[in-house]
1. What residue, among those in the stretch 288-306 that are under 15 Å from the mean Cα position of the chain (by Cα) and of a type in the set (A, V, I, L, M, F, W, C), is nearest to ALA278 (Cα to Cα)?
2. Could you check the stretch 132-147 and list, in sequence order, the residues that are touching a helix residue (DSSP H, G or I) at 6+ places or on another chain (Cβ under 6 Å), part of a helix (DSSP H, G or I) and crowded, with 19+ Cβ neighbours inside 10 Å?
3. When you go through (1) open to solvent by 40 Å² or more (accessible area, probe 1.4 Å); (2) hydrophobic (A, V, I, L, M, F, W, C); (3) within 17 Å of the chain's Cα centre (by Cα) one by one for ILE272, which number turns out not to apply?
4. Out of THR253, THR284, THR248, THR260, I need the residue that is within 16 Å of the chain's Cα centre (by Cα) and in a loop (DSSP other than H, G, I, E, B). Which one?
5. State the number of residues belonging to the stretch 40-63 that are within 19 Å of LEU162 (Cα to Cα), open to solvent by 10 Å² or more (accessible area, probe 1.4 Å) and touching a His at 6+ places or on another chain (Cβ under 6 Å).
6. With the condition kept exactly as written, say whether any residue in the stretch 264-277 is charged (D, E, K, R), part of a helix (DSSP H, G or I) and closer than 27 Å to ALA101 by Cβ.
7. Within the stretch 216-225, can one find any residue that is open to solvent by 20 Å² or more (accessible area, probe 1.4 Å) and out of contact with any Asp or Glu (no Cβ under 9 Å at 6 or more places or on another chain)?
8. Among the residues of the stretch 1-48, how many are under 30 Å from ALA150 (Cα atoms), small (Gly, Ala, Ser) and touching a strand residue (DSSP E or B) at 6+ places or on another chain (Cβ under 8 Å)?
Amino acid sequence: MNKLVVLGSVNADHVLQVASFPRPGETLHGHSYCVIPGGKGANQAVAAARLGADIAFIACVGDDSFGHQMRDTFAREGMNTEAVMIEDNMPTGIAMIQVAATGENSICISAEANGCLTPERLAPHHHLIEQADTLLMQLETPMETIEAAAKIAKQAGTRVVLNPAPAQPLSDDLLQHLDMITPNETEAELLTGVKVDNVTTAQQAADALHAKGIKQVLITLGSQGVWLSDNGKGRQVPGFRVDAKDTTAAGDTFNGALLTALQEGCEMEEAIRFAHAAAAISVTRFGAQTSIPHRREVERFLMEHQ
């Protein structure tokens, strides 16, 4: 069976390049419009597959050309797609993305078929979770399914990793079923009430998450790297500085790469460095899955930045 299972969303990303984000009531001219594959779950699954993980993906896509195309694409990327389900009379999830000249992005999403990933739809695929080493999830699919999957994994001894994005409050019941959580500063603040703006507050936020029962906390700090706290012992793992063009899917690339490296037996700091490299490459390119590098590119990047 597959060592890593990703449960999450699939979106068609409608991307427009803009000089800056419009103010309310303002109309701006954009350029380079395109529709590309996205969705946090799919991004993380593609990153893991592209970087060499043994992976299965659990998701729902629409009964439209994009959904059928994505299911075929996932298979070509090398992942097990038996649990990528096509929903009748539903469109694939969508994301409307503006990318500013600074590389920052603004995103609105609509769940569509992603909302069909209910506990009932998950039921035939429990075995994928139960027989995996690790389950990786995000927050673009129904919360009751995320909670159900976490409980299934916990009971089976499968490690449960949550990337809590997009940011939203989470129940203590879900948090106590997690082994690892990977929030950014904004998500960490929402979950803990601690504003993360330096390493001291990062550890305070990590301690609050440890108190909920989570052993490993990785708070991503953008250009400052990651604050890693393992059972209350924290340290900063620096990232790489690059000229960012588009940060879409950088966090997803990081998560997929991190779990790939851990799957291969890397120590945590080595795995984070590998994930930093993959994410650094991704922000130099436009798009979500179109920006995710292959294994050989990450290895070359790491050799160049020793």
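The values are calculated or read from the model by the stated rules, or taken from the named source; none is laboratory data. Every value quoted in this text rests on a predicted model; they were computed, and no experiment measured them. In this analysis, Cβ positions are derived from the backbone assuming ideal geometry, glycine residues included, and neighbour counts consider all displayed protein chains. The accessibility values were calculated without ligands, DNA or RNA, using every heavy atom of the protein model including side chains. Shrake-Rupley method; radii C 1.70, N 1.55, O 1.52, S 1.80 Å.
1. Only one residue fits best here, namely ILE292.
2. The one that is touching a helix residue (DSSP H, G or I) at 6+ places or on another chain (Cβ under 6 Å), part of a helix (DSSP H, G or I) and crowded, with 19+ Cβ neighbours inside 10 Å: THR145.
3. (1)
4. Working: THR253 fails: in a loop (DSSP other than H, G, I, E, B); THR284 fails: within 16 Å of the chain's Cα centre (by Cα); THR260 fails: in a loop (DSSP other than H, G, I, E, B).
Exactly one of THR253, THR284, THR248, THR260 is within 16 Å of the chain's Cα centre (by Cα) and in a loop (DSSP other than H, G, I, E, B), namely THR248.
5. 0
6. So the first thing to find is which residues in the stretch 264-277 are charged (D, E, K, R), and the list is 264, 267, 269-270, 273.
The next check asks that each one be part of a helix (DSSP H, G or I); those that pass are 269-270, 273.
Narrowing further to those that are closer than 27 Å to ALA101 by Cβ: none.
Within the stretch 264-277 (the criterion being charged (D, E, K, R), part of a helix (DSSP H, G or I) and closer than 27 Å to ALA101 by Cβ), the answer is no, since none of the residues qualifies.
7. yes
8. 9
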